[in-house]
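Novice: Pasting a structure below so you can have a look.
The values are calculated or read from the model by the stated rules, or taken from the named source; none is laboratory data. Computed from a predicted structure; not experimentally measured. Note that we place each Cβ from the backbone using ideal geometry, even for glycine, and neighbour counts take in every protein chain shown. In case anyone asks, the SASA skips ligands and DNA or RNA and just uses the protein heavy atoms, side chains included. Shrake-Rupley method; radii C 1.70, N 1.55, O 1.52, S 1.80 Å.
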Amino acid sequence: MNFFRETDVVVIGGGIVGTAILRELSRYDLRCILVEKEPDVASGTTKANSAVLHAGFDAPTGSWKQKTNVRGNVLYHQLQEELDLDIKWTGSLVVATNAEEEQKLQVLMERGNANGVPGLQILTKAEVLEKEPNLTTASAALWAPTAGVIWPFGCAVAFAQCAVQNGAEVIRDCAVTGFVKEDGAVTVVNTTKGAIQTKVVINAAGVYAEEIAKLAGDDSFVITPRKGEYILFDKTAASSMVYGVVFPCPSEKSKGILVCTTTHGNTFIGPNANEQISKEDTSVTPDGMDEIIAGARKLVPNLPMGACITVFAGLRAVSDTGDFILGASRIPGFFNAAGIQSPGIAAAPAIAEVVVEALGKEMLLRKKAAWNGRLPKKTAFNRMTASEKQKAIQKNPLYGRVICRCETVTEGEIVDAIHEPVGACTVDGIKRRTRAGMGRCQGGFCGPRVTQILARELDIPVEKVLKERQGSELYFKKF
């Protein structure tokens, strides 16, 4: 059989967990390939979530969720500097509005102390209002100073780029269709782009991890998609909402409907939590919007709904085990990083450590003599000083041409995003790397120009440019 690739490890899934695993693998003398079924990485759960780096007080003590959350939170401090990650260490509040909920705060703090979360403190109403003046319904709150918010898509891209600069490969628009096994072990990954001969497979396929596992002969878990809907507000709404991460008291099913800032200064409310059969349905519903608004108003009664700029939904991969599924499966050479729901973003780098450590028990891992875990620092044009902007324009005149007026994104930034390692090849890929299209007009002004730039730089017709996935072309040629 002719293979289009031969490698040591295939990682399936280009979300934040898959890319974190790929980066961790790139430390070692291994040939590694990540395959992603969509045209871009981080196109599933990673692109539509709350983006919170949880402190780690909520997960059951001793669970994978707890261990990887607490460890991952620590690792992000190092990664922020190494990979130039967009993180705001805001801390978080879990808000009680009555005596019964105040008792729940005590339970959460005791669990957090057992989980090894530092600095937990229960605040009085006056102390809460000092931090968040608009939380007028609060009677008390659990303060977790180690929590924060991150730009998850940018983090996943950084993981992937770091892995690629260390010799790994990322193949996008490449869906897994099956496996070939010898003596019970997976030896070939069949994809829509051809076959890959491999020694090891790591399944980080998000909501599709169950299907991938079953293709390999592992039917030990079930993944149910849980939809969460969100409402995003313009940056001007921040002063009438919150400055950090604000949770209600959690339920057994969910951490509840947040009111939360983002690394870029917007504020969102959500998500709700509704299990469904479809692993593709990310539509929003009127009932869902009503549920989110009602939940958020329990925390911030005077929501500035006129400042809403978009709504969206994401899917979480909920396993029937109630925990992350990490490590070797019963299929030789087949490993899982599955069932990664909240706190998956916070846990991702620690999940990568766990999975690679498990891999090291089954094959010899030699660290590379030269491994570069850092990426060059980049500053968005709209965050540059006046002198920095002038220097950028002198170096590349395309930085003097603003394409997205809402977010002040330049043509130079867009072109760079297309041609960087694991670069953008879709309109949404540009949006997530540069924020062109994420402002108040949501791409109404810059969308057509971004499409033209993509067509020019990728040397394809405008009608071949995708919004996000196959079949999402924005323009059609009239014959």
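A quick yes/no check of all residues on (1) buried (at least 22 other Cβ atoms within 10 Å of the Cβ); (2) in contact with a helix residue (DSSP H, G or I) (Cβ under 9 Å, 6 or more places away or on another chain); (3) farther than 20 Å from HIS264 by Cβ:
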| residue | (1), (2), (3) |
| --- | --- |
| ARG401 | no, yes, yes |
| CYS404 | yes, yes, no |
| GLU413 | yes, yes, no |
| GLU420 | no, yes, no |
| THR434 | yes, yes, no |
| THR451 | yes, yes, yes |
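Novice: Now for a different question. Could you look through segment 208-235, keep only residues that are touching a residue at least 24 places away in the same chain (Cβ under 8 Å) and assigned to a helix (DSSP H, G or I), and pick out the one that is nearest to CYS308 (Cα to Cα)? Working first, answer last.
Specialist: Kept after step one, since they are touching a residue at least 24 places away in the same chain (Cβ under 8 Å), are these residues of segment 208-235: 208-210, 212-213, 215-218, 220-235.
After this cut, where a residue has to be assigned to a helix (DSSP H, G or I) as well, the list is 208-210, 212-213, 215-216, 235.
Working: TYR208: 32, ALA209: 34, GLU210: 36, ILE212: 38, ALA213: 40, LEU215: 43, ALA216: 44, LYS235: 10 Å.
Only one residue fits best here, namely LYS235.
Residue-by-condition table, conditions (1) crowded, with 22+ Cβ neighbours inside 10 Å; (2) part of a loop (DSSP other than H, G, I, E, B); (3) not small (Gly, Ala, Ser):
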| residue | (1), (2), (3) |
| --- | --- |
| GLY306 | no, no, no |
| GLY314 | no, no, no |
| ALA347 | yes, no, no |
| GLU362 | no, yes, yes |
| LEU365 | no, yes, yes |
| ALA369 | no, yes, no |
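Novice: Search segment 319-346 for residues that are under 24 Å from VAL74 (Cβ atoms) and of a type in the set (Gly, Ala, Ser) and pair each with any residue that is open to solvent by 30 Å² or more (accessible area, probe 1.4 Å) and at pLDDT below 95 when their beta-carbon atoms are under 8 Å apart and the residues are at least 6 apart or on different chains.
Specialist: Taking only residues 6 or more apart or on different chains, the pairs are SER342/LYS255.
Novice: Which residues, counting only those in segment 270-289, are assigned to a strand (DSSP E or B) and of a type outside the set (D, E, K, R)? Even if it seems obvious, please write down each step before you answer.
Specialist: First pass over segment 270-289, keeping only residues assigned to a strand (DSSP E or B): 270, 274-275.
Once the filter is applied, which keeps residues that are assigned to a strand (DSSP E or B) and of a type outside the set (D, E, K, R), segment 270-289 yields GLY270, ASN274.
Novice: In segment 236-267, what count of residues is obtained for those that are within 15 Å of LEU299 (Cα to Cα), open to solvent by 10 Å² or more (accessible area, probe 1.4 Å) and assigned to a loop (DSSP other than H, G, I, E, B)?
Specialist: 6
Novice: Could I ask something else about it? I'd like the full set of residues that are aliphatic (A, V, I, L, M) and either open to solvent by less than 30 Å² (accessible area, probe 1.4 Å) or within 24 Å of TRP151 (Cα to Cα) (or both), limited to segment 268-300. Don't jump to the end; show me each part of the working.
Specialist: Here is the first cut: in segment 268-300, the ones aliphatic (A, V, I, L, M) are 269, 273, 277, 284, 289, 292-294, 296, 299-300.
Within segment 268-300, ILE269, ALA273, VAL284, MET289, ILE292, ILE293, ALA296, LEU299, VAL300 meet the criteria.
Novice: While we're here: Are there any pairs with C-beta distances below 7 angstrom linking a residue in segment 115-128 that is under 14 Å from HIS54 (Cβ atoms) and among the aliphatic types (A, V, I, L, M) to a residue that is open to solvent by 50 Å² or more (accessible area, probe 1.4 Å) and assigned to a helix (DSSP H, G or I), with the two at least 6 apart or on different chains, and if so which?
Specialist: Pairs found: LEU120/ASN113.
Novice: How about segment 16-35: which of its residues are of a type outside the set (Phe, Trp, Tyr) and open to solvent by 20 Å² or more (accessible area, probe 1.4 Å)?
Specialist: Step one: list which residues in segment 16-35 are of a type outside the set (Phe, Trp, Tyr), which gives 16-27, 29-35.
Result: GLU24, ARG27, ASP29, LEU30, ARG31.
Novice: For segment 185-225, give me the residue count where each residue is open to solvent by less than 40 Å² (accessible area, probe 1.4 Å) and over 22 Å from SER319 (Cα atoms). Steps first, please.
Specialist: Taking segment 185-225 as the starting set, the residues that turn out to be open to solvent by less than 40 Å² (accessible area, probe 1.4 Å) are 185-189, 191, 194-196, 198, 200-207, 209-210, 212-213, 216-218, 221, 223, 225.
Next, from what is left, pick out any that are over 22 Å from SER319 (Cα atoms): 185-189, 191, 194-196, 198, 200.
So the answer is 11.
Novice: Is it true that some residue in segment 34-57 is part of a loop (DSSP other than H, G, I, E, B), within 26 Å of ALA370 (Cβ to Cβ) and under 14 Å from the mean Cα position of the chain (by Cα)? I'd like the intermediate steps shown before the answer.
Specialist: Keep residues of segment 34-57 that are part of a loop (DSSP other than H, G, I, E, B), which gives 36-44, 48-51, 54-57.
Now restrict to residues that are within 26 Å of ALA370 (Cβ to Cβ): 41.
Filter again for under 14 Å from the mean Cα position of the chain (by Cα), leaving 41.
Looking through segment 34-57, at least one residue is part of a loop (DSSP other than H, G, I, E, B), within 26 Å of ALA370 (Cβ to Cβ) and under 14 Å from the mean Cα position of the chain (by Cα).
Novice: Restricting to segment 77-102, count the residues that are outside any loop (DSSP other than H, G, I, E, B) and closer than 18 Å to VAL246 by Cα.
Specialist: In the first step, residues of segment 77-102 are kept if they are outside any loop (DSSP other than H, G, I, E, B); the result is 77-83, 87-88, 92-96, 99-102.
Among the residues that remain, those that are also closer than 18 Å to VAL246 by Cα are: 87-88, 92-96, 101-102.
Adding up the residues that qualify gives 9.
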